[in-house]
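So the structure is just underneath, and the comments pick up after that.
The values are calculated or read from the model by the stated rules, or taken from the named source; none is laboratory data. Everything numeric here is computed off the predicted structure, so don't read it as measured data. Here the Cβ positions follow ideal geometry from the backbone for every residue, glycine too, while neighbour counts run over all protein chains shown. Heads up: the accessible areas ignore ligands, DNA and RNA and are worked out on the full protein's heavy atoms, side chains in. Shrake-Rupley method; radii C 1.70, N 1.55, O 1.52, S 1.80 Å.
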Amino acid sequence: GMESGLEPEPVTGGDCVMETPVPVIDISAYTNFLDYSEEDRGEVAHAWASTFESIGVARVTGHGVPRSLIESLQSEAREFFSEPMEAKMNHHYGPYGTPLGGY
């Protein structure tokens, strides 16, 4: 079957430190479809649903996105969020909680 686990290190981002282990969900059963069974995909779907319904965050592996692209995106996001609020508000799309809310 598929394995999902817990990542023991704290996750940090800006001023936020999350002390609770973040579940890791391997979605290889969907990205390498022929190598896995329907039962494997069911386990992934269950892990996904229960994780996002309970704590709302997970580290997803087995997605096939190149590490270099992930690192580039993280770098761009850090750069954007380090900007002053006035600069970020140039990209404001509406109040949070609305379909396009935030910036």
Between the modelled labels at E79 and R67 (7 Å from Cα along Cα→Cβ) the distance in nm is 2.2
How many percent of the accessible area of the range 46-103 is carbon or sulfur, using a 1.4 Å probe?
-> 59
Per q in 0.16, 0.18, 0.19, 0.26 1/Å, what log10 I(q)/I(0) does a Debye calculation on the alpha-carbon atoms of the range 26-100 return?
-> -0.86, -0.94, -0.97, -1.11
